[in-house]
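Q: Here you go, one structure.
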Amino acid sequence: MILALLLMLALTPPPDSTEVLSESVVTAFRPPDKIIPAQTLQGERLERLNALSVADAIRYFSGVQIKDYGGIGGLKTINVRSMGTQHVGVFYDGIQLGNAQNGQIDLGKYSLENLESVTLYNGQKGTAVQSAKDYASASAVYLQSRTPVFSGRKRTNLKATLAGGSFGTVNPSVLWEQKMGENVSSSLSAEYLYTTGRYKFTYSKRDGYDTTAVRQNGDVRALRVEQGFYGRIPDGNWRVKLYFYDSERGYPGAFVRQEPGKFRHEDRQWDTDFFTQGSLYKEWGDWHLNASFKYAYDYLHYLSDPRLDVSTMYVDNRYRQQEAYLSLAQSWDIFSWWDVDLAGDWQFNTLDADLVNFVYPSRHTLLTALSTSFRWTHLKLQGSLLHTFVDDNAREAGAAAEHRHEWTPTAVLQLIPFDNKNLTFRAFYKRIFRMPTLNDLYYTFIGNKYLKPEFSTQYNVGLTWDKHWIRGVFRKLNVTLDAYYNQVENKIIATPASNQFQWTMVNLGLVGIRGVDAAVGTSLVLGPASADLRATYTFQKAQDFTDPQSPWYGGQIPYIPWHSGSFVAGIDYGRWHLNYSFIYTGERYEAVANIPENHAQPWYTSDLSLSRNFALGRHELKGTLEVNNIFNQQYEVVQCYPMPGTNFRLILSWIL
Amino acid sequence: MKPMEPIRYLTCILVAALLFTGCREPEDIIPSTQTGVGSGDAGDIAGFFLLNEGNMGSNKCTLDYYDYATGIYVKNIYAERNPGVVQELGDVGNDLAIYGSKLWVVVNCSNLIEVMDAATARHIGQISIPNCRYIVFKDGYAYVSSYAGPVETDPNYRLGYVARIDTTTLQVKDTCVVGYQPEEMVIVGNKLYVANSGGYRVPDYDHTVSVIDLDSFKELGKIDVAPNLHRMELDAYGNIWVSSRGDYYDIKPMTFIIDTKYDAVVEQLDLLACSDMTLCGDSLYVYSNAWNNFTQTSDVNYAIVDVKTRQVLTRHFITDGTENWFQNPYGIAVNPNTHEIFVTDARDYITPGKVYCYSPEGRLKWSANTGDIPSRIVFTHTPLLR
C-alpha cells in the first residue's frame, strides 16, 4: 500500500500550481558557528523522521551508536565514536543534563515534540561565549527547544497535537506561546504519553525453533510540562525555564528461556525530575558575557516485588539526586580576528539512597576554561585548556575518594584553501576525561573509591565540500568526510568479585578506535516537487587492548558494528510530504570474544511517513501517517531485548 | 529532461532500496566446536559434562563434553542436539547432575530444570521451579533448593524451600519450607541437610542448616552454623563439611564440620576458606576465591584436607605454578578413578572461560576453552552418542 502511494505520488501529473515550495533545510553540517563542525537535524527535517524521542533522531548521525533496550519505555543511550555513553555530554537549551549517579542520560525520555534542533558535536562546541562545561566532554549533543517567534501582529501561537498508534500509544501535547510585552514572551509545552508497550516479536533459528511472544510489562506513563520565559534586553537576551517530568514504567527484562507464560517481569520504576535553569547574555562592545544557573532534583524509585513475580529478589530503593550549577563565561574580541574566552563553572551534586551501608556522597566540581581563537579568511585556529577540580565528600569518614586536579587541552584547526569557500579541511585534537560516577565510586558492595578518571584522546582530520546552485535539478550538494583515532584509557569496567552476583568497578580498560564518518546530502528540485536526500556511513574498528595475555586481545568491543549507515529521503510535493528513512547496523559482537556464540546479525529497518497540510482560514491542520519497520524485521540492538516489528503512528496537529 | 523523469528515477531507486532491505536470513543454530586435548583411560568413566553458567540476562548457559576415549573436548553441545528447544539451555546454569540415565541442569534465571538423556544430551522434559539453585537425589526423587518460598508480610524476609520431584514423571510432588535463600544440600540416611545463605538479606544473613526428614518431608529443625552458608560435602564418616562465605567485610569465609550423629557443629576450620570443594576418597580438594570489600581484593587459595584427620595435607595441589594463569577459579572436580584434578577459570565472566586438567601430582595435562563462566563438572559412565 505504501509502495502504491509512493508510485502514485511519483507518477501522477501534478496539479497546475505555481506556488513556491517552502525551503527545507537538509540534515547537514551547519555553517560552523566558529570553527568546529557539527551534525544537526532541525525543523521540518527533524519532524519528519518518524522519531518519537531524541534517541530515534540521533540514529541518523554518522559516528553514533544508540543502545536501545526496545519499546518506548526502554533505556536509550548514545555512544559517540565508541568512547562510551559517559563521554557524551547532553545539553538542554545550552545547559548540561546531569546524572551524577550513573552518568547516563536516557535519550528516550526526551521528546522531540517541542525541540527545534538536535546537534551533535565531536570534540566540543565552538560558539562565541560558552560555559566551561561545553569544553568538558569528548562529544556533545545539544537539544534546543523552540524559542517563540511571532509573525506579523500575532501575539499567540497555539499548537495542539494528538498522536497515537501501535502498542496502545496515546500521546497528546500542547504548545502555547504568548507574547507578553515588546521584549518578553513565554512558552508552555505539555505532553502526556501512555503506551502499553506490548508488541509481538519472533525468535527463530534456521531448521530450529520459531517462537513468537508478546513483550510484557513495557508500559509507560509519562507527563512532561515545561514553562519558558524569553526576554530581550539592549545588546542581549535572557531565558528562564522550568521543567517537570513524571513517569512510571515497567521493565520487561531480558527475554531468556522461560516456561512460556509462567513468569512475568513485574519490575517498575518511577521517575520524578524537576529542574529550573536560566541564562543571561549581554554584550558590551567587544566584551560578551553569559551567565547561567541550574537547580535540578531527580527522584527515582525502583521496585522489584516477589509478591508479583515469584522468581525475583525484593528490591525497593529510592534515589534522590540534587544538582546546583552556576556558570559565568566571557569573551573578549581583541581584534576582529582574535578573541579570548574565559569561563568558570561550579557544580554541586548530592546522592541519597536507601541502600545498606550507603555513604551518602556529594561532589563539588569546579571547571575553568581558557580558550582563544584566531579567524583569518583561509585559516581558523582554536585552542583551549580546561582545568577541573573535583572534591567528593561522604557522610562516613574516609569513605570519599581523594580530590583531583586535571588539566586537559584541545586544539582545532580549519583550513579554507579556496576563495569560493566550497572546500574546508579541519583537524582537531582533544584530551578529556570523565570522572567515575557516584555509583562507580560509592555504590554499596560494587563501588570502588580508588578509581581513577577515564581518559579519552581524540585525533580527527576531515573535510567538507559544500556547493549550492540557483537553478537546475541539483540545488545543493554537501559532502563530509572525517577520519579519526580515539583512545580510551583507564576505562572503568565492572569486573566480578567472587561470584555472579557480586561485581566491582576497576580501571582496567584500554580501547583504541579507528573510524571513518562520511555523509552526503543533496537537495533536488524536480518541477513542482523537491527532494532532500542524505546518506551517512560509519566505519569503526574499536579494539580492546586491555590485556595482551588475553586470547581476545584486539577484539572488536561489544555492540560496535564495523559498518553502519543511514539513508533519508524527503520529498515535498505541494502540500504533501513523504519521508523514507533507512537505518543499517552491520554485524557486531555482544562480547569482546568475537566468536559465533556472541555474534549479532546485522539489522536494518525502513520507515515511511506521509503527511499533508490543510489550511482552514487562519488555522492549519496537519496529518501524518507513519509506518515504521515496514518489513517487520525481528531484531535486537541489545542481546535478549527484542525490538518491535512493524508499527504505526498517526499524528494530527492543529495550529493557530 | 522532462520534469517527471527524475521523479521516476527516484521512485525506482526507492523501490529497489525497499526490496533490498526487505528480507534477512534466519540465524543459524550455533554449532559445537571440537578440540583435541588428549585421550586417556579412566576405567568405567567415559567422560564428563561441564556446565557453563553464562552471564545473567544473556541466555548463554551452555553444556560442554569431554570424551576420554577420543580425547576430544566438545564445546556447546546442547543447541545443535536440541534445535527445537526455544532459547537453548537458558539463562544461568547453576547446577549439573546425572541420576540414572538422565542428565539434569538447574537453570537458575530460566526458573526451570532441564532434563536430558545422559547418553545423547537430548531434551526429555523440564520442570518449572522459580529461582531454583541446586539438586540432589535419593530413591527416585530429585530434591531442588529454591529461593522462592512463600512471601510473608515483609518481602525482605522470604523463606526458601526444597522441592521433591519424581524423577520418572518429572512432577513436583511436595515442597518443604526451609531457611532464607537455601543453597547446596546433602542427604544422610533419611535426612536432607540444606545450607541457608540469606543472601538476599544483606547484611542480615542466615546462618543455619535446615534438616528435613525425608519420610514426612518436614523440617525437623535448624543447626546454627555461621553466616552466609553455601557449599556442602558429605564424607565417609557421616560428617558434613559446610562452607560459610562470611560477610565480605569482617567475618572471614571459613569451613565448618557438622556431625550428623548429633546434628551439631563439631569443628570450625578458621583457616579453610572455601569457594567450592570436592571429595575423592578421604581427600577434600578445596579452592577459595574470597572477596573482601575493605581491601577491594580477592584472596585465592588451594588446599587438600584429609577428612579423617581433619588436617590440611597441602596448600598447593597445583605444583607446576600454572595456578597463576587463573583469573577467577570457579569450579573444581576430581576424577575418582584417575585422581586427575579439574579446575575451571571463569576469567572476567563475560568472555569464554577455560578448563584445566591436572595429573594427580598437580601438573597440567591439558586445557580447553569453554563457554562463559564454566562451573560444574559431572563424570559420566555412558559415553555421549553422536
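The values are calculated or read from the model by the stated rules, or taken from the named source; none is laboratory data. None of the values given here were measured: they were computed from a predicted structure. A quick note on method: Cβ atoms are made from the backbone with ideal geometry, for glycine too, and the neighbour counts reach across all protein chains shown.
Q: Which one is surrounded by the fewest Cβ atoms within 10 Å (Cβ to Cβ) among residues in segment A:210-245 that are within 23 Å of A:Phe150 (Cα to Cα) and small (Gly, Ala, Ser)?
A: It comes out as A:Gly236.
Q: Another question, if that's okay. What number of residues in segment B:58-87 are at the interface with chain A (Cβ under 7 Å from one of its Cβ atoms) and out of contact with any Gly (no Cβ under 7 Å at 6 or more places or on another chain)?
A: Residues that pass the stated criteria total 4.
Q: Another one. Within segment A:347-375, work out how many residues are buried (at least 20 other Cβ atoms within 10 Å of the Cβ) and closer than 15 Å to A:Asp134 by Cβ.
A: Result for segment A:347-375: 6.
Q: State whether the residues of segment A:193-205 include one that is at pLDDT 90 or above, within 22 Å of the chain's Cα centre (by Cα), on the phi < 0 side of the Ramachandran plot and not hydroxyl-bearing (Ser, Thr, Tyr).
A: yes
Q: State which residue is nearest to the other protein chains (Cβ to nearest Cβ) when the search covers only segment A:244-267 and only residues that are touching a Gly at 6+ places or on another chain (Cβ under 9 Å) and over 21 Å from B:Gly90 (Cα atoms).
A: My answer is A:Gly250.
Q: More than 14 Å from every other protein chain (Cβ to nearest Cβ), in contact (Cβ under 8 Å) with a residue 24 or more places away in the chain, out of contact with any Cys (no Cβ under 7 Å at 6 or more places or on another chain) and surrounded by 15 or more Cβ atoms within 10 Å (Cβ to Cβ), is that true of B:Val307?
A: Numbers: more than 14 Å from every other protein chain (Cβ to nearest Cβ): yes; in contact (Cβ under 8 Å) with a residue 24 or more places away in the chain: yes; out of contact with any Cys (no Cβ under 7 Å at 6 or more places or on another chain): yes; surrounded by 15 or more Cβ atoms within 10 Å (Cβ to Cβ): yes.
In short, yes.
Q: Looking only at segment B:280-296, which residues are over 16 Å from the mean Cα position of the chain (by Cα) and part of a strand (DSSP E or B)? Step through it out loud before you land on a result.
A: So in segment B:280-296, the residues over 16 Å from the mean Cα position of the chain (by Cα) come out as B:280-285, B:290-296.
Listed by number, the residues that qualify are B:Cys280, B:Ser283, B:Leu284, B:Tyr285, B:Ala290, B:Trp291, B:Asn292.
Q: Let me ask something additional. Pairs under 7 Å by beta carbon, first residue under 20 Å from B:Thr175 (Cα atoms) in segment B:219-234, partner at pLDDT below 95 and buried (at least 21 other Cβ atoms within 10 Å of the Cβ), six or more apart or different chains?
A: If the second residue must be at pLDDT below 95 and buried (at least 21 other Cβ atoms within 10 Å of the Cβ), no pairs are left.
Q: Of the conditions (1) free of Cβ contacts under 8 Å to residues at least 12 places away in the same chain; (2) assigned to a strand (DSSP E or B), B:Ile127 fails just one. Which one is it?
A: (1)
Q: Looking at (1) part of a loop (DSSP other than H, G, I, E, B); (2) loosely packed, with under 15 Cβ neighbours inside 10 Å; (3) charged (D, E, K, R); (4) within 14 Å of chain A (Cβ to nearest Cβ), which is the only condition B:Asp299 fails?
A: Result: B:Asp299 passes all but (1).
Q: Only one of these is in contact with a strand residue (DSSP E or B) (Cβ under 8 Å, 6 or more places away or on another chain), farther than 22 Å from B:Asp95 by Cβ and more than 14 Å from chain A (Cβ to nearest Cβ): B:Ser367, B:Ser359. Name it. Quick ask: steps written out before the conclusion?
A: Values: B:Ser367 fails: more than 14 Å from chain A (Cβ to nearest Cβ).
Step by step, each of B:Ser367, B:Ser359 is checked, and only B:Ser359 is in contact with a strand residue (DSSP E or B) (Cβ under 8 Å, 6 or more places away or on another chain), farther than 22 Å from B:Asp95 by Cβ and more than 14 Å from chain A (Cβ to nearest Cβ).
Q: Any residue at all in segment B:27-41 that's part of a strand (DSSP E or B), closer than 30 Å to A:Ile583 by Cβ and either of a type outside the set (Val, Ile, Thr) or within 11 Å of chain A (Cβ to nearest Cβ) (or both)? Please lay out each step first, then the result.
A: Let us first name the residues in segment B:27-41 that are part of a strand (DSSP E or B), namely B:27, B:33-36.
Filter once more, so that each one left must be closer than 30 Å to A:Ile583 by Cβ: B:27.
Restricting the remaining residues to those that are either of a type outside the set (Val, Ile, Thr) or within 11 Å of chain A (Cβ to nearest Cβ) (or both) gives B:27.
Yes, segment B:27-41 has at least one match.
Q: Tally up the residues in segment A:373-415 that are under 24 Å from A:Asp352 (Cβ atoms) and without any contact (Cβ under 8 Å) to a residue 40 or more places away in the chain, please.
A: Filtering segment A:373-415 down to residues under 24 Å from A:Asp352 (Cβ atoms) leaves A:389-404.
Then keep just the ones that are without any contact (Cβ under 8 Å) to a residue 40 or more places away in the chain; that gives A:389, A:391, A:393, A:395-398, A:402-403.
Going through segment A:373-415 one residue at a time, the tally reaches 9.
Q: I'm checking my understanding of the structure. Among residues of segment A:604-622 that are farther than 17 Å from A:Asn647 by Cα and small (Gly, Ala, Ser), which one is farthest from the other protein chains (Cβ to nearest Cβ)? First the steps, then the outcome.
A: Filtering segment A:604-622 down to residues farther than 17 Å from A:Asn647 by Cα leaves A:612-622.
Filter once more, so that each one left must be small (Gly, Ala, Ser): A:615, A:617.
Values: A:Ala615: 25, A:Gly617: 32 Å.
Here the answer is A:Gly617.
Q: Which pairs do you get when a residue that is acidic (Asp, Glu), found in segment A:308-330, comes within reach of a residue that is in a strand (DSSP E or B), reach meaning Cβ atoms under 6 angstrom, with the pair 6+ apart or on two chains?
A: Filtered contacts from segment A:308-330: A:Asp316/A:Leu303; A:Glu323/A:Ala296; A:Glu323/A:Asn349.
Q: Quick check, is B:Phe326 at pLDDT below 95, closer than 29 Å to A:Thr444 by Cα and surrounded by fewer than 18 Cβ atoms within 10 Å (Cβ to Cβ)?
A: Numbers: at pLDDT below 95: yes; closer than 29 Å to A:Thr444 by Cα: yes; surrounded by fewer than 18 Cβ atoms within 10 Å (Cβ to Cβ): no.
No; evaluated as a whole, the condition is false for this residue.
Q: Right, here's the next one. For the subset of segment B:181-217 comprising residues that are of a type in the set (S, T, N, Q) and part of a loop (DSSP other than H, G, I, E, B), which member is nearest to the other protein chains (Cβ to nearest Cβ)? Walk me through how you get there before you give the answer.
A: Just the residues of segment B:181-217 that are of a type in the set (S, T, N, Q), to begin with: B:181, B:190, B:196-197, B:208, B:210, B:216.
After this cut, where a residue has to be part of a loop (DSSP other than H, G, I, E, B) as well, the list is B:181, B:190, B:197, B:216.
Details: B:Gln181: 9, B:Asn190: 30, B:Ser197: 11, B:Ser216: 25 Å.
It comes out as B:Gln181.
Q: Shifting gears a bit: Please go through segment B:42-57 and give me each residue that is assigned to a loop (DSSP other than H, G, I, E, B), touching a Phe, Trp or Tyr at 6+ places or on another chain (Cβ under 7 Å) and more than 14 Å from chain A (Cβ to nearest Cβ), ordered by number.
A: So in segment B:42-57, the residues assigned to a loop (DSSP other than H, G, I, E, B) come out as B:42-46, B:53-57.
Filter once more, so that each one left must be touching a Phe, Trp or Tyr at 6+ places or on another chain (Cβ under 7 Å): B:42, B:45-46, B:55.
Those that are assigned to a loop (DSSP other than H, G, I, E, B), touching a Phe, Trp or Tyr at 6+ places or on another chain (Cβ under 7 Å) and more than 14 Å from chain A (Cβ to nearest Cβ): B:Ala42, B:Ile45, B:Ala46.
Q: Looking at (1) in contact with a Pro (Cβ under 8 Å, 6 or more places away or on another chain); (2) farther than 30 Å from A:Gln65 by Cβ; (3) acidic (Asp, Glu), which is the one condition that is false for A:Glu182?
A: Only one criterion is unmet by A:Glu182, namely (1).
Q: Now, a different point. Filter segment A:547-603 down to the residues that are hydroxyl-bearing (Ser, Thr, Tyr) and not in a loop (DSSP other than H, G, I, E, B), then identify the one that is nearest to the other protein chains (Cβ to nearest Cβ).
A: First, the residues of segment A:547-603 that are hydroxyl-bearing (Ser, Thr, Tyr): A:550, A:553, A:559, A:564, A:566, A:573, A:580-581, A:584-585, A:589.
Cutting the leftovers down to not in a loop (DSSP other than H, G, I, E, B) gives us A:564, A:566, A:573, A:580-581, A:584-585, A:589.
Values: A:Ser564: 14, A:Ser566: 12, A:Tyr573: 9, A:Tyr580: 6, A:Ser581: 11, A:Tyr584: 8, A:Thr585: 12, A:Tyr589: 11 Å.
Going through the qualifying residues, I end up with A:Tyr580.
Q: Across segment A:176-209, which residue is surrounded by the fewest Cβ atoms within 10 Å (Cβ to Cβ) among those that are away from chain B (no Cβ under 14 Å) and charged (D, E, K, R)? Lay out the reasoning, then the answer.
A: The initial filter retains those residues of segment A:176-209 that are away from chain B (no Cβ under 14 Å), namely A:176-200.
Applying the additional criterion that residues be charged (D, E, K, R) yields A:177, A:179, A:182, A:191, A:198, A:200.
Details: A:Glu177: 22, A:Lys179: 16, A:Glu182: 8, A:Glu191: 20, A:Arg198: 17, A:Lys200: 14.
Among those residues, the one meeting the criterion is A:Glu182.
Q: Evaluate the following for B:Pro150: is it more than 26 Å from B:Ile373 (Cα to Cα) and free of Cβ contacts under 8 Å to residues at least 40 places away in the same chain? If you could, list the steps in order and put the result at the bottom.
A: Values: more than 26 Å from B:Ile373 (Cα to Cα): yes; free of Cβ contacts under 8 Å to residues at least 40 places away in the same chain: yes.
Against the criterion (more than 26 Å from B:Ile373 (Cα to Cα) and free of Cβ contacts under 8 Å to residues at least 40 places away in the same chain), B:Pro150 qualifies.
Q: What number goes with the only condition from (1) within 20 Å of B:Ile127 (Cα to Cα); (2) within 14 Å of chain A (Cβ to nearest Cβ) that B:Val151 does not pass?
A: (1)
Q: Residues being at pLDDT below 80 and under 16 Å from the mean Cα position of the chain (by Cα): count how many of those fall in segment A:22-48.
A: Residues that pass the stated criteria total 1.
Q: Looking only at segment A:547-565, which residues are closer than 19 Å to A:Tyr589 by Cβ, surrounded by fewer than 19 Cβ atoms within 10 Å (Cβ to Cβ) and in contact with a Phe, Trp or Tyr (Cβ under 9 Å, 6 or more places away or on another chain)?
A: Of everything in segment A:547-565, those that are closer than 19 Å to A:Tyr589 by Cβ, surrounded by fewer than 19 Cβ atoms within 10 Å (Cβ to Cβ) and in contact with a Phe, Trp or Tyr (Cβ under 9 Å, 6 or more places away or on another chain) turn out to be A:Asp547, A:Tyr553, A:Gly554, A:Trp562, A:His563.
Q: Continuing with the same structure: Quick check: is even one residue across segment A:150-160 buried (at least 19 other Cβ atoms within 10 Å of the Cβ) and hydroxyl-bearing (Ser, Thr, Tyr)? Lay out the reasoning, then the answer.
A: Going through segment A:150-160, the residues buried (at least 19 other Cβ atoms within 10 Å of the Cβ) turn out to be A:157, A:159.
Narrowing further to those that are hydroxyl-bearing (Ser, Thr, Tyr): none.
Scanning segment A:150-160 turns up no residue that is buried (at least 19 other Cβ atoms within 10 Å of the Cβ) and hydroxyl-bearing (Ser, Thr, Tyr).
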